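**Student:** I am attaching a structure below and will ask some questions about it afterwards.
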Amino acid sequence: MEIFELHFNPKLKDDHVFDTYIFEPEKAYEKKLGSLYLAGEQTNALGNKSLAFLGNLAKTIKKNYYSLSAKSQEKALSHALKGANEFLGEEVKRENVGWMGNLNFAALSIKDSSLSFTVTGDVKIMLIRGKQLVDIGKNLNLEGMDPYPLKVFLNVASGRIMDGDVIFVATK
């Protein structure tokens, strides 16, 4: 499997921060869960503080993803997102609320031909298979849900990928 990161933003805005995070398994127990790929964007951002926030969210997801000796990557991703929601709840308690309504984030885990993923905010996860283009993440993000108790990451989907498939994550 080949991974390409392309950060393309022809009209860079001062109030947007974006980063991607790739975590390959290093230890034997991590290898059974596969690789973890994250992409995050914060709009109405506060520069380095918002970029650090995205990095801390990514570290939290990684830590929780690889800490559970789950039988499946889908359960590990669900566990990681529960930890991410707890992290975000703590941020609210610290009165760091600038990310609320401004966070666009995708998390994907891939092991062999298994794919598990989630999105929050305005993020697209697209699958190209042959000549078909499908927005595989479009029904995961349920707009208008009551944010209390704070649950930013709600659903995890999973499926199979094939040789030749292309998956890409895009924000506006």
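The values are calculated or read from the model by the stated rules, or taken from the named source; none is laboratory data. Just so it is clear, the model here is predicted, and its values are computed rather than measured. So basically every Cβ, Gly included, is an ideal-geometry build from the backbone, and we count neighbours across all protein chains shown. Note: accessible area is taken over every heavy atom of the protein model, side chains too, but ligands, DNA and RNA are not part of it. Shrake-Rupley method; radii C 1.70, N 1.55, O 1.52, S 1.80 Å.
**Student:** Which one of Gly130, Gly101, Gly34 has the biggest mean-square fluctuation once the chain is modelled by GNM with Cα springs under 10 Å?
**Tutor:** Top of the fluctuation ranking is Gly130.
**Student:** Heavy-atom accessible area of Lys151 with all protein chains present, probe 1.4 Å, nearest 10 Å²?
**Tutor:** Spelled out: Lys151, probe radius 1.4 Å, area about 130 Å².
**Student:** Solvent-accessible area per residue for the chain at a 1.4 Å probe radius, Å²?
**Tutor:** Computed with neighbouring chains in place, this is 61 Å² per residue.
**Student:** If packing is taken as the mean number of other Cβ atoms within 10 Å per residue, what is the order of 14-24, 78-88, highest first?
**Tutor:** Highest-to-lowest ranking by the protection proxy: 78-88, 14-24.
**Student:** As an exercise, use a Förster radius of 35 Å and the Cβ-Cβ distance of Gln132 and Ile22 to find the FRET efficiency, rounded to the nearest 0.05.
**Tutor:** Using R0 = 35 Å, I get an efficiency of 0.85.
**Student:** With a sphere of radius 13 Å drawn around the Cβ of His79, what net charge do the other residues whose Cβ falls strictly inside it have (Lys, Arg +1; Asp, Glu -1)?
**Tutor:** It works out to a net charge of +3.
**Student:** If you add up the charges near Trp99, with Lys and Arg at +1 and Asp and Glu at -1, over every other residue whose beta carbon is less than 11 angstrom from its beta carbon, what do you get?
**Tutor:** Here the count lands on -1.
**Student:** How big is the Cα convex hull of the chain in projection, averaged over all directions, in nm²?
**Tutor:** The Cα convex hull of the chain, projected and averaged over all directions, gives 10.3 nm².
**Student:** Peptides 153-162, 110-119: what's the order by average Cβ count within 10 Å, highest mean first?
**Tutor:** 110-119, 153-162
**Student:** Determine the share of the chain's accessible area contributed by carbon and sulfur atoms, expressed in whole percent, with a 1.4 angstrom probe.
**Tutor:** 53 percent
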